[in-house]
4 protein chains.
Amino acid sequence: MTKLSETRKSLIATALLSGLMIAGTAQAGLPDPGVDFTADDTALVVTDPQNDFLHEDGVAWGVVGESVEENNTIENLESLFSTAKDVDLPVFVSPHYYYPHDHEWHFGGALEHLMHEIGMFDRDHPLDTDNFDGSGADWHASLEPYIEDGKTVVTSPHKVYGPESNDLVLQLRKRGINKVILAGMSANLCTESHMRALVEAGFEVHVVSDATAAATLPDMDGHEAAMTNARMIANGLADTETTVEAMKALR
Amino acid sequence: MTKLSETRKSLIATALLSGLMIAGTAQAGLPDPGVDFTADDTALVVTDPQNDFLHEDGVAWGVVGESVEENNTIENLESLFSTAKDVDLPVFVSPHYYYPHDHEWHFGGALEHLMHEIGMFDRDHPLDTDNFDGSGADWHASLEPYIEDGKTVVTSPHKVYGPESNDLVLQLRKRGINKVILAGMSANLCTESHMRALVEAGFEVHVVSDATAAATLPDMDGHEAAMTNARMIANGLADTETTVEAMKALR
Amino acid sequence: MTKLSETRKSLIATALLSGLMIAGTAQAGLPDPGVDFTADDTALVVTDPQNDFLHEDGVAWGVVGESVEENNTIENLESLFSTAKDVDLPVFVSPHYYYPHDHEWHFGGALEHLMHEIGMFDRDHPLDTDNFDGSGADWHASLEPYIEDGKTVVTSPHKVYGPESNDLVLQLRKRGINKVILAGMSANLCTESHMRALVEAGFEVHVVSDATAAATLPDMDGHEAAMTNARMIANGLADTETTVEAMKALR
Amino acid sequence: MTKLSETRKSLIATALLSGLMIAGTAQAGLPDPGVDFTADDTALVVTDPQNDFLHEDGVAWGVVGESVEENNTIENLESLFSTAKDVDLPVFVSPHYYYPHDHEWHFGGALEHLMHEIGMFDRDHPLDTDNFDGSGADWHASLEPYIEDGKTVVTSPHKVYGPESNDLVLQLRKRGINKVILAGMSANLCTESHMRALVEAGFEVHVVSDATAAATLPDMDGHEAAMTNARMIANGLADTETTVEAMKALR
């Protein structure tokens, strides 16, 4: 690496001078492109607004409940849903379900094993909603009116963490959506996998920092990991209050 | 959420008793499925083993250099490459390049903006390697002998962070690979996006914790974020020493 | 194109001599790699075994009925399902459903427009199977016992023609499947899009020529188009009788 | 299928009356949505404009040459490229290359075997263009000025037939493209796989019927198969003359 080093050193110098890369001031200097919401091609996308994450009887509440309460996740999701409906932004929900045949998979990651073990997001059959109402796989009651208003698009379930295995990208494109306001559960798993996959699919993604929450485990803070990655990868990152203000400006 | 709550509470109780979900002991109790390396369908995959990340003159050294040195990333990558070649595991490298036309993109995330701004991974033309030799986009010199041995598969470049825009998944499947030992740069960006996309594509993924490194910025530790997410999402996670031992057992 | 022309002309000559490229004998000479079915990693995949295609009251019967009868598609699908169950091959069904929100899409291709217009594969709601039983979206009665035996994996619906918008690829990989015996409806639309997408995802695909059927329109023979493309693209192509014999050899 | 049959029969009747589904008049009655080209989000995409298909010394000329001449494919591609440049439409080229490591794949379809066997699209190395100039993998000379004008986006190579293994979709989305005018080689293989994958990715696709060509083999007319499928699947289908007129209207 000899030939280009002078040019490159000069590039680095310029970057340093502009404050982008000095460790001590880098975040302030990190570019913050932002997403300019526009009425005709922006949508709200919410992952896993389901009881198993958000209800105190949900099977994952033990690991995510503290983070849900700290972030006021439920109230913030309500604000996002309600504002989106008020200003006529299309809303898409990407749920997480497991059917009996999914439990026959030959392998999985750590949290996949846990989810299967504790019956998270379980449904009886892909073509049967018996026992669904009020179950851990069902919508959190406070969000259900927004999801079941006859306008919200409920996609097929994602099956690991990302939308690679469902129709979210297609549904967004078939409605002309290019920009996504992203929220839901859980921050560093399904929400982040949706963020990354949507970015790879060429969407502009704005992540709502406190309309999500994550597992807190010893030495592992899922929400912090998600925010670090969202700050670096997403096009925009802001809290619910700021996001709702920007959405209202579309009216 | 009334009907199923008794059953669910009992499921949670079982999980709690088995130590999976008590915050204080959860990581110890978190499932650790692991990847059982097998000679005929396991491969080493390395992301971005390039000067801009790994050489002290590279344009990103200012933000990742400290982490590269702390992890001994270069030496650990050498160990993985060398062991894979010794035991005849197929090796795949997924590089990161930007061509002049990529700088015309209409939008990008924070780190995308930074990469374009500092000329990271820049090449002159997709069909021209003038000025490539020794550039920031070129392989780190200590790894080049392994990559250019005539056997390693060099995929097309990924263009954001993940392999969605290159041929890595196809190349792996066309060689019968189902299990991936994953390392390279940088931990929470390209390496993690590869981990997530490979998991969604149905591979078993084992992440090597110290054969990677990441940006350290104020309030943002990229390596820590990556390890939190790898521990939860990947099928296996271990350091280079442990991984190399497991690879050697294939001989 | 001067430098390599001598070498290339000689390559062409060799190919011509080996009978691969002389128009008059090319098909005989076209490589026919075939798929070697193996018990642990082969599956049967069936697209759209639904009333709207296969039942005389189905909304598409007017355009596909003749082809369904000529090919004995229903009987042949029964043979494939029945043989797969007998020899314990995993079976996956990829259905086609449209929900009310799908009719709000901003654009579509010619046959998409037609499907929406005639209410093909319509369901009332993604989380509701009211009015589903016996509808055009429901399984053809003769195939239902195989699909609803508690073992067959029913994927999420594909939404245009291919499995890009559902979980088929993930479901196959999570069960260790590398080879697919492909049949169902309709030959040049969903079945062919599944063939192409599965080939791109690195599966070996064997197409069953007469366990499918297609629209016959003036100057457009869907089945013929599908067979031309399957002969060129798939790894194997054979009729039901031959395929069933090869499946039985796995017992 | 009893409950809904009366409603469905009436739907079919309506469709029949409107002429959509009577075999004898169906094509005339088949919906023809069309793509309304718009200056800011439409692009020209060309697959495989390379010597091995288009030059009389190309290794595939023996099977496609007749169709290339009948369609005036080269002249029509020139018209499309030239018009796109005149009216400032972005142009994307998706090439096809095979590197030495690709010949180590464990399996392939019929035409994949043939391509590998005759050295089609062969390059020496992914990071080396020695011997490329004027080779079968190089651009056809008459199209090169348009492709190498410093503005055309040359994507990474696709590796089987579709863009699933390259960055075409990302490149289009990063430029705000929603509508694609599709042409190139060969009609029922790479071009059609691009058409299908782009449709699944939520683009509107207009196929140019005679700016493509295909293999003609005994009992297999690749161009005819492609046109049947394009008529049914694409959003628009027209010849070069009509397409060029519509493009010129954007000026």
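Residue check: is A:Phe37 at pLDDT 95 or above, more than 8 Å from every other protein chain (Cβ to nearest Cβ) and assigned to a loop (DSSP other than H, G, I, E, B)?
It is true that A:Phe37 is at pLDDT 95 or above, more than 8 Å from every other protein chain (Cβ to nearest Cβ) and assigned to a loop (DSSP other than H, G, I, E, B).
When D:His106 is evaluated against the numbered criteria (1) touching a Gly at 6+ places or on another chain (Cβ under 6 Å); (2) modelled with pLDDT under 95, which criterion, by number, is the only one it fails?
D:His106 satisfies every listed condition except (2).
Give the residue that is farthest from the other protein chains (Cβ to nearest Cβ), with candidates limited to residues of segment C:211-228 that are buried (at least 24 other Cβ atoms within 10 Å of the Cβ) and in a strand (DSSP E or B).
Checked segment C:211-228; the qualifying residue farthest from the other protein chains (Cβ to nearest Cβ) is C:Ala211.
Might you let me know whether segment A:114-136 holds any residue that is more than 30 Å from C:Val93 (Cβ to Cβ), in contact with a helix residue (DSSP H, G or I) (Cβ under 6 Å, 6 or more places away or on another chain) and not acidic (Asp, Glu)?
Checked segment A:114-136: no residue is more than 30 Å from C:Val93 (Cβ to Cβ), in contact with a helix residue (DSSP H, G or I) (Cβ under 6 Å, 6 or more places away or on another chain) and not acidic (Asp, Glu).
Could you list all residues from segment D:232-244 that are more than 14 Å from every other protein chain (Cβ to nearest Cβ) and in a loop (DSSP other than H, G, I, E, B)?
D:Asp239
If a residue has to be within 17 Å of C:Asp41 (Cα to Cα) and either within 8 Å of the chain's Cα centre (by Cα) or at pLDDT below 95 (or both) to count, how many in segment C:175-194 make the cut?
Counting residues in segment C:175-194 that are within 17 Å of C:Asp41 (Cα to Cα) and either within 8 Å of the chain's Cα centre (by Cα) or at pLDDT below 95 (or both) gives 1.
Of the residues A:Gly134, A:Gly162, which single one is closer than 22 Å to B:Ala230 by Cα and among the small types (Gly, Ala, Ser)?
Being closer than 22 Å to B:Ala230 by Cα and among the small types (Gly, Ala, Ser) holds for just one of A:Gly134, A:Gly162, which is A:Gly162.
Can you tell me which of B:Val169, B:Val180 is over 22 Å from B:Asp122 (Cβ atoms) and outside any helix (DSSP H, G or I)?
B:Val180
Right, A:Met247: in contact with a strand residue (DSSP E or B) (Cβ under 9 Å, 6 or more places away or on another chain) and either of a type outside the set (Phe, Trp, Tyr) or more than 7 Å from every other protein chain (Cβ to nearest Cβ) (or both) or not?
Spelling it out, A:Met247 is indeed in contact with a strand residue (DSSP E or B) (Cβ under 9 Å, 6 or more places away or on another chain) and either of a type outside the set (Phe, Trp, Tyr) or more than 7 Å from every other protein chain (Cβ to nearest Cβ) (or both).
Against the condition outside any loop (DSSP other than H, G, I, E, B), closer than 22 Å to D:Asn229 by Cβ and modelled with pLDDT of 95 or more, how does C:Glu70 come out, does it pass? Explain how you work it out, then say what you get.
Values: outside any loop (DSSP other than H, G, I, E, B): yes; closer than 22 Å to D:Asn229 by Cβ: yes; modelled with pLDDT of 95 or more: yes.
Yes: the conditions hold for C:Glu70.
How about segment D:236-251: which of its residues are within 19 Å of C:Pro218 (Cα to Cα) and polar (S, T, N, Q)?
Those that are within 19 Å of C:Pro218 (Cα to Cα) and polar (S, T, N, Q): none in segment D:236-251.
Based on what the data block shows, is D:Asn188 over 17 Å from D:Val93 (Cβ atoms) and touching a residue at least 40 places away in the same chain (Cβ under 8 Å)?
Against the criterion (over 17 Å from D:Val93 (Cβ atoms) and touching a residue at least 40 places away in the same chain (Cβ under 8 Å)), D:Asn188 qualifies.
Determine which single condition D:Ser135 fails, assuming it passes every other condition in (1) at the interface with chain C (Cβ under 10 Å from one of its Cβ atoms); (2) over 19 Å from D:Cys190 (Cβ atoms); (3) hydroxyl-bearing (Ser, Thr, Tyr).
(2)
Between D:Leu89, D:Leu77, which is in a helix (DSSP H, G or I) and either modelled with pLDDT of 95 or more or surrounded by 21 or more Cβ atoms within 10 Å (Cβ to Cβ) (or both)?
Matching residue, one of D:Leu89, D:Leu77: D:Leu77.
Going by the structure shown, is B:Val45 assigned to a strand (DSSP E or B), crowded, with 20+ Cβ neighbours inside 10 Å and away from chain A (no Cβ under 13 Å)?
When the stated conditions are applied, B:Val45 passes them.
For segment B:50-94, give me each residue that is touching a helix residue (DSSP H, G or I) at 6+ places or on another chain (Cβ under 7 Å), within 21 Å of B:Lys159 (Cβ to Cβ) and either within 13 Å of chain A (Cβ to nearest Cβ) or hydrophobic (A, V, I, L, M, F, W, C) (or both).
Once the filter is applied, which keeps residues that are touching a helix residue (DSSP H, G or I) at 6+ places or on another chain (Cβ under 7 Å), within 21 Å of B:Lys159 (Cβ to Cβ) and either within 13 Å of chain A (Cβ to nearest Cβ) or hydrophobic (A, V, I, L, M, F, W, C) (or both), segment B:50-94 yields B:Phe53, B:Leu54, B:Gly58, B:Val59, B:Ala60, B:Val63, B:Val64, B:Phe92, B:Val93.
Please determine, by comparing only the residues of segment D:154-168 that are buried (at least 24 other Cβ atoms within 10 Å of the Cβ) and aliphatic (A, V, I, L, M), which one is nearest to B:Pro95 (Cα to Cα).
Among those that are buried (at least 24 other Cβ atoms within 10 Å of the Cβ) and aliphatic (A, V, I, L, M), it is D:Leu168.
How about segment A:190-210: which of its residues are aliphatic (A, V, I, L, M) and not in a strand (DSSP E or B)?
A:Met195, A:Ala197, A:Leu198, A:Val199, A:Ala201
If we scan segment C:93-110, do we find a residue that is of a type in the set (S, T, N, Q) and touching a residue at least 24 places away in the same chain (Cβ under 8 Å)?
Yes: segment C:93-110 contains one or more residues that are of a type in the set (S, T, N, Q) and touching a residue at least 24 places away in the same chain (Cβ under 8 Å).
When only residues in segment A:116-153 that are assigned to a helix (DSSP H, G or I) and touching a residue at least 40 places away in the same chain (Cβ under 8 Å) count, which is surrounded by the fewest Cβ atoms within 10 Å (Cβ to Cβ)?
Ranking the qualifying residues of segment A:116-153, first place goes to A:Ile147.
Just wondering, is there one or more residues in segment A:183-196 that are in contact with a Gly (Cβ under 6 Å, 6 or more places away or on another chain), surrounded by fewer than 24 Cβ atoms within 10 Å (Cβ to Cβ) and at negative phi?
Checked segment A:183-196: no residue is in contact with a Gly (Cβ under 6 Å, 6 or more places away or on another chain), surrounded by fewer than 24 Cβ atoms within 10 Å (Cβ to Cβ) and at negative phi.
The values are calculated or read from the model by the stated rules, or taken from the named source; none is laboratory data. Note that this is a predicted model, so its numbers are computed, not measured. Note that we place each Cβ from the backbone using ideal geometry, even for glycine, and neighbour counts take in every protein chain shown.
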